[in-house]
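Participant: Sending over a structure as structure tokens; questions will come in a sec.
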Amino acid sequence: MSTRRAAILGGNRIPFSRAGKQYADASNQDMLLAALDGLVARFGLQGERIGEVAAGAVLKHSRDFNLTRETVLGSALSHDTPAFDLQQACATGLETVSILADKIKLGQIDSGIAGGVDSASDAPIAVSEGLRKVLLQLSRAKSLRARAAVLAKLRPGFFAPSAPDTGEPRTGLSMGEHQALTTAQWGVSRAEQDEIALASHRGMAKAWDSGFFDDLVTAYRGLSKDNNLRPDSTIEKLAALQPVFGKSLSTPATMTAGNSTPLTDGASTVLLGSEDWARQHELPVLAYLVDAEAAAVDFVHGKDGLLMAPAYAVPRLLARNGLTFDDFDFFELHEAFASTVLTTLRAWEDPKFCTERLGLDGPLGSIDRDKLNVHGSSLAAGHPFAATGGRITASLAKMLSTKGSGRGLISICAAGGQGVAAIVEAA
């Protein structure tokens, strides 16, 4: 079977907002619809039947059943457009891009829209297990007497809500506490982390000022720019913040609110298509999605850190495509935490890790820091979990298109010890 190339034609997102701010009352469907309809308007797709739309959210209500299809039904796209939900924690957005790109390569679809959305403000809150069981029994009770008998089972303790929990189910540790363990293991300093955070804010502020995001973002609910961005941040301001993760460890705590991503609301979308479909719609190709690789690590038994899976995904991806770090012009490493980026870079430079854990003959290599997250990343923009992959893919495609040549590497870590990496190539 012959394959064809999967083109990245553009993207659209809404500005990302810190939780509890402008989007506090917006649902996942509200935000995904805003990002999708913004994309539809930008590319003239009103009434168009798209091959498939794939998106997802990490924090979902039961009302978010069939979230992506319901969003399509509310959008300006043709209602004949199929859609499905996907969830792979913070890698959700990039995984939807990869899956739809593969379908385009195989000729199963000619066009696709990938995306993701998350609201930390509108997080689902479950009732207690006792109350849940009583409510289910009550819904099945056939008579007034039966309902009264069920209600008699209620106890005051049943009404305590089951609050949202950011802990990993198998360890109980939050992502920040997991990363603090990895940060200590690799000896990453506070100063190094703050430098990454400062570079992210400065790079993204510069990109906004230059108009880079003008055709990648549509304003929403009074917000026209990511409100987590701190263009006036300084190394002194970052150094003054108190650590928030790793305070119970024997090593100094180094992870702060400044070098860790905040809880964020937002949504993003990416338009993909075959080259023929792009020509038919007179849409220029920005870049191509070449290949992607997923990985997972055993963080439960401490074999690797929770967010170290990209350290494994990237070398496998490079080997399959016969590439090295020298073949790339841009590196987009998701900044879940500044130390996540630093520990991953350090792992690839470490002879022992690369030979014993990655099975290589020596270090994978170093990345030119001038090519790393050039327009800032999650520390500056914020990180609505499932929306991050779309943000990064669309931005990288535009960067490559602007340059007119070259390749970019995406690396995104995710909860559950997973990670996804991808190669994007200029058209």
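The values are calculated or read from the model by the stated rules, or taken from the named source; none is laboratory data. Computed from a prediction, not measured in an experiment: that's the story for all the values here. With ideal geometry, Cβ positions are generated from the backbone for all residues, glycine too; neighbour counts draw on all protein chains shown. Just so you know, the surface numbers come from the protein's heavy atoms only, side chains and all, with ligands and any DNA or RNA stripped out. Shrake-Rupley method; radii C 1.70, N 1.55, O 1.52, S 1.80 Å.
Participant: Is it the case that Thr254 is within 30 Å of Asp194 (Cβ to Cβ), of a type in the set (Val, Ile, Thr) and either touching a residue at least 24 places away in the same chain (Cβ under 8 Å) or in the same structural domain as Arg391 (by the TED database) (or both)?
Facilitator: Yes: the conditions hold for Thr254.
Participant: Among residues belonging to the range 286-301 that are touching a residue at least 40 places away in the same chain (Cβ under 8 Å) and in a loop (DSSP other than H, G, I, E, B), point out the one that is surrounded by the fewest Cβ atoms within 10 Å (Cβ to Cβ).
Facilitator: Only one residue tops the list, namely Asp298.
Participant: Can I ask one more? Count, please, the residues in the range 197-227 that happen to be open to solvent by less than 70 Å² (accessible area, probe 1.4 Å), in a loop (DSSP other than H, G, I, E, B) and under 18 Å from Thr393 (Cβ atoms).
Facilitator: 5
Participant: For the range 216-237, how many residues meet the condition of being touching a Gly at 6+ places or on another chain (Cβ under 9 Å) and either in the same structural domain as Arg369 (by the TED database) or within 19 Å of Asn373 (Cβ to Cβ) (or both)?
Facilitator: Here the count works out to 7.
Participant: For the range 351-399, how many residues are surrounded by fewer than 24 Cβ atoms within 10 Å (Cβ to Cβ) and either in a helix (DSSP H, G or I) or of a type in the set (Ser, Thr, Tyr) (or both)?
Facilitator: Residues in the range 351-399 being surrounded by fewer than 24 Cβ atoms within 10 Å (Cβ to Cβ) and either in a helix (DSSP H, G or I) or of a type in the set (Ser, Thr, Tyr) (or both): 12 in total.
Participant: Collect the residues in the range 232-261 that are closer than 30 Å to Asn28 by Cβ and either modelled with pLDDT under 95 or not in a loop (DSSP other than H, G, I, E, B) (or both), keeping them in residue-number order.
Facilitator: Once the filter is applied, which keeps residues that are closer than 30 Å to Asn28 by Cβ and either modelled with pLDDT under 95 or not in a loop (DSSP other than H, G, I, E, B) (or both), the range 232-261 yields Val244, Phe245, Met255, Thr256, Ser260.
Participant: Answer yes or no: is there a residue in the range 108-124 that is over 24 Å from the mean Cα position of the chain (by Cα), touching a residue at least 40 places away in the same chain (Cβ under 8 Å) and open to solvent by 60 Å² or more (accessible area, probe 1.4 Å).
Facilitator: Yes: one or more hits.
Participant: When you scan the range 169-187, do you find a residue that is over 30 Å from Phe331 (Cα atoms), aromatic (Phe, Trp, Tyr) and over 20 Å from the mean Cα position of the chain (by Cα), even just one?
Facilitator: no
Participant: To continue, here is another question. Only one of these is farther than 29 Å from Asp122 by Cβ, open to solvent by 20 Å² or more (accessible area, probe 1.4 Å) and not in a strand (DSSP E or B): Leu318, Leu283. Name it.
Facilitator: Values: Leu318 fails: open to solvent by 20 Å² or more (accessible area, probe 1.4 Å).
Step by step, each of Leu318, Leu283 is checked, and only Leu283 is farther than 29 Å from Asp122 by Cβ, open to solvent by 20 Å² or more (accessible area, probe 1.4 Å) and not in a strand (DSSP E or B).
Participant: If you don't mind, there's one more thing I want to ask. What pairs can you find where one residue is in the range 167-193 and farther than 12 Å from Leu306 by Cα, the other is open to solvent by 40 Å² or more (accessible area, probe 1.4 Å) and assigned to a helix (DSSP H, G or I), and their Cβ atoms are less than 9 Å apart, with a gap of 6+ or different chains?
Facilitator: Qualifying pairs under 9 Å: Trp186/Arg346; Gly187/Arg346; Val188/Arg346; Arg190/Ala239; Ala191/Ile235; Ala191/Ala239.
Participant: Which numbered condition trips up Ala240, out of (1) more than 30 Å from Ala34 (Cβ to Cβ); (2) out of contact with any Gly (no Cβ under 7 Å at 6 or more places or on another chain); (3) in contact (Cβ under 8 Å) with a residue 24 or more places away in the chain?
Facilitator: (3) is the only condition that Ala240 fails.
Participant: Can you tell me which residues in the range 387-418 are among the aliphatic types (A, V, I, L, M) and closer than 22 Å to Leu317 by Cα? Break it down into steps so the answer makes sense when it comes.
Facilitator: Taking the range 387-418 and keeping what is among the aliphatic types (A, V, I, L, M), we get 387, 392, 394, 396-397, 399-400, 409-410, 412, 414-415.
Selection gives Ile392, Ala394, Leu396, Ala397, Met399, Leu400, Leu409, Ile410, Ile412, Ala414, Ala415.
Participant: Among the residues of the range 138-196, how many are touching a Gly at 6+ places or on another chain (Cβ under 7 Å), at pLDDT below 90 and open to solvent by 70 Å² or more (accessible area, probe 1.4 Å)?
Facilitator: 1
Participant: Additional query: Is it the case that some residue within the range 334-341 is within 20 Å of Met204 (Cβ to Cβ), open to solvent by 10 Å² or more (accessible area, probe 1.4 Å), in contact with a helix residue (DSSP H, G or I) (Cβ under 6 Å, 6 or more places away or on another chain) and in contact (Cβ under 8 Å) with a residue 24 or more places away in the chain?
Facilitator: Taking every residue of the range 334-341 in turn, at least one turns out to be within 20 Å of Met204 (Cβ to Cβ), open to solvent by 10 Å² or more (accessible area, probe 1.4 Å), in contact with a helix residue (DSSP H, G or I) (Cβ under 6 Å, 6 or more places away or on another chain) and in contact (Cβ under 8 Å) with a residue 24 or more places away in the chain.
Participant: Within the range 61-81, work out how many residues are at pLDDT 95 or above and open to solvent by 50 Å² or more (accessible area, probe 1.4 Å). Even if it seems obvious, please write down each step before you answer.
Facilitator: Initially, the range 61-81 is screened for residues at pLDDT 95 or above, giving 66-81.
Applying the additional criterion that residues be open to solvent by 50 Å² or more (accessible area, probe 1.4 Å) yields 66, 69-70, 73, 79-80.
Number of matching residues: 6.
This table checks each residue for (1) under 22 Å from Ala295 (Cα atoms); (2) aromatic (Phe, Trp, Tyr).
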| residue | (1), (2) |
| --- | --- |
| Ser339 | yes, no |
| Trp348 | yes, yes |
| Lys371 | no, no |
| Ala387 | yes, no |
| Gly390 | yes, no |
| Ile412 | yes, no |
| Ala426 | no, no |
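Participant: Please go through (1) in a loop (DSSP other than H, G, I, E, B); (2) touching a His at 6+ places or on another chain (Cβ under 8 Å) for Thr340 and return the number of the only condition it doesn't satisfy.
Facilitator: If we test Thr340 against (1) in a loop (DSSP other than H, G, I, E, B); (2) touching a His at 6+ places or on another chain (Cβ under 8 Å), just (1) comes out false.
Participant: When you scan the range 72-177 for helices (runs of 4 or more DSSP H) that lie fully inside it, which ones turn up with 3 or more residues that are under 25 Å from Val285 (Cα atoms)?
Facilitator: By residue number, 92-105.
Participant: Among the candidates Gly273, Gly246, Gly266, single out the residue that is more than 29 Å from Glu425 (Cβ to Cβ), under 24 Å from the mean Cα position of the chain (by Cα) and either open to solvent by less than 60 Å² (accessible area, probe 1.4 Å) or aromatic (Phe, Trp, Tyr) (or both).
Facilitator: Being more than 29 Å from Glu425 (Cβ to Cβ), under 24 Å from the mean Cα position of the chain (by Cα) and either open to solvent by less than 60 Å² (accessible area, probe 1.4 Å) or aromatic (Phe, Trp, Tyr) (or both) holds for just one of Gly273, Gly246, Gly266, which is Gly246.
Participant: Something else about it: Just checking, how many residues over the range 8-52 are outside any helix (DSSP H, G or I), over 21 Å from Asp265 (Cα atoms) and open to solvent by 10 Å² or more (accessible area, probe 1.4 Å)?
Facilitator: 8
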